[in-house]
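Report on the structure given below.
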Amino acid sequence: MKRKLAATILALMLVLTLVPVTGAFAEGNQKVLDARKSVVRVYTESSYMGEAYIGSGICLGTTGNDIEYIATNRHVVLDSDGNMCDVIYIVLDSFQNFESVIPASVVYFDVSVDYCILKVETPITSRVPITMLSSETVEPTQKVYALGFPGTADDLNDIGGVLPSRIDDVTVTSGTVTKNHASSDGADFIQIDVAVNGGNSGGPLVTEDGYCVGINSFGAARGEATNGAIYIDYVFNALEGLEVEYMLAGDEAPTQPETSAVPTAPVEPEKDNTLLYVLIGAAALVVILVVVIIAVSSSKKKAPQPVQATASAQPAQPMQPAQPAQRTVAVNAPEAHPQGGAAFSLVGSAFSGSVFPVKESAVIGRNADTCNIVYPEGTPGVSSVHCRVALVNGALNLFDLNSSYGTYLENGVKLEPNRPYPLHEGDSFYLAKRENTFTVVRR
């Protein structure tokens, strides 16, 4: 009886020893929590409409460098009438601390896809750049997280009116990919069941590894838990055109020597499992003692026939991170084009609707020696060499050539000199004044 009691006590000790192991290592997803450090709030105003808007933004760049560029949704910087907001701020703390409110401006704007790139006036040191991963790598049922500053969270917060915007104020909602590829108005997006609310717009959709695979953009007008995040690929293709460095998954680790035809996934950093090993060792010792006591107590009896041990279940293999996406060098967002590139023309309103074909490049200005489309000498607002429209990898792009009075997209966005802005069929732009408007047509 004493031997049986001792065996029972040791067995209970074994159970009690193992219980803390499960709970001691329970923790949140640190990689997703770290991704919050790459999220900022975007605040915009339109003096023309007398409106103000809030959204979220994604910090871009490379490790060790201050943040200068932010990605967000196009609709975050437009007013309800479709005009560019004349006030854009990045909020890092709250409106109670106006030193944390950084002015920004649009440096890249896509009139067909709901995203744009902002540049801050003062580099940001309190945030880190996000690591991106091609949206093509996600799969249905994959778990993802939406990060940002939804207005509903501000409504619940006692200080929501001053727009709390610290890292700890970032809201994290989770769900799954319900469809890995869908299209709306020609733009590719990931369909998700993650909760996304007003104010989340422009924030990152991240994987369990903390990699950004999309920009939270919209929800279905009818129904629930059906939302969309546009492909992050649009952003890193735009950054290629802006010549801004950024990080893709895999870039942050040194390349391993090739050992086989199949590339290996990045090795996760080892954790300190000393405590776990101690507990396992103690549990093993208890098991041995239990076996010894039972064997001694049964030594005078006929030994039972050994039971054939069954193979234990194999431990689940950790999900392998998706392979790094290859950078593409397209200047604008991905778009299919016929072999050899599309053929475009420009229709000029100041030229009585004349049509000007764009073969490779068309320069617009007053200098007849260097321009393909020539304004009369002395035309107000038009520089000698004002702007250029060029086909790059089959896609049409617009460049301002340091003009005196600027080149503008149809919604009033002023182009930064010598930076490419994508144009598509039906898009318009103008030189200094709207009477100098050109419209893109396909021929």
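Among the residues examined, I90 qualifies as within 23 Å of the chain's Cα centre (by Cα), within 21 Å of M247 (Cβ to Cβ), outside the structural domain of F399 (by TED's automatic domain parsing) and not polar (S, T, N, Q). Just one of the listed residues (V440, V355, V363) is assigned to a strand (DSSP E or B) and surrounded by fewer than 17 Cβ atoms within 10 Å (Cβ to Cβ), namely V355. For T176, are the conditions met, namely being surrounded by 17 or more Cβ atoms within 10 Å (Cβ to Cβ), hydroxyl-bearing (S, T, Y), farther than 18 Å from I70 by Cβ and in contact (Cβ under 8 Å) with a residue 12 or more places away in the chain? No; evaluated as a whole, the condition is false for this residue. Looking at region 366-377, which of its residues are surrounded by fewer than 17 Cβ atoms within 10 Å (Cβ to Cβ) and either without any contact (Cβ under 8 Å) to a residue 12 or more places away in the chain or closer than 22 Å to F109 by Cα (or both)? Selection gives A368, D369, P376, E377. In region 181-219, the residue that is surrounded by the most Cβ atoms within 10 Å (Cβ to Cβ) out of those that are of a type in the set (S, T, N, Q) and either in contact (Cβ under 8 Å) with a residue 12 or more places away in the chain or closer than 21 Å to I54 by Cα (or both) is N200.
Would you point out the residue of region 120-149, among those that are free of Cβ contacts under 8 Å to residues at least 60 places away in the same chain and farther than 26 Å from K179 by Cβ, that is surrounded by the most Cβ atoms within 10 Å (Cβ to Cβ)? Only one residue fits best here, namely V120. P129 meets each of the listed conditions (1) out of contact with any Pro (no Cβ under 9 Å at 6 or more places or on another chain); (2) not in a loop (DSSP other than H, G, I, E, B) apart from (2).
In the set (1) over 22 Å from L60 (Cα atoms); (2) out of contact with any Gly (no Cβ under 6 Å at 6 or more places or on another chain); (3) surrounded by 15 or more Cβ atoms within 10 Å (Cβ to Cβ), A225 fails one condition alone, (3).
All conditions in (1) outside any strand (DSSP E or B); (2) without any contact (Cβ under 8 Å) to a residue 60 or more places away in the chain; (3) under 30 Å from T439 (Cα atoms) hold for E99, with the sole exception of (3). Which of the residues spanning region 196-218 are touching a Gly at 6+ places or on another chain (Cβ under 7 Å) and part of a strand (DSSP E or B)? Correct list: L205, I215, N216, S217, F218. When you check V144 against the structure, is it part of a strand (DSSP E or B) and closer than 16 Å to V39 by Cβ, yes or no? Yes, satisfied.
The values are calculated or read from the model by the stated rules, or taken from the named source; none is laboratory data. This is a predicted model, so every value here is computed, not measured. Please note: Cβ atoms are built from the backbone with ideal geometry, for glycine as well, and neighbour counts cover all protein chains shown.
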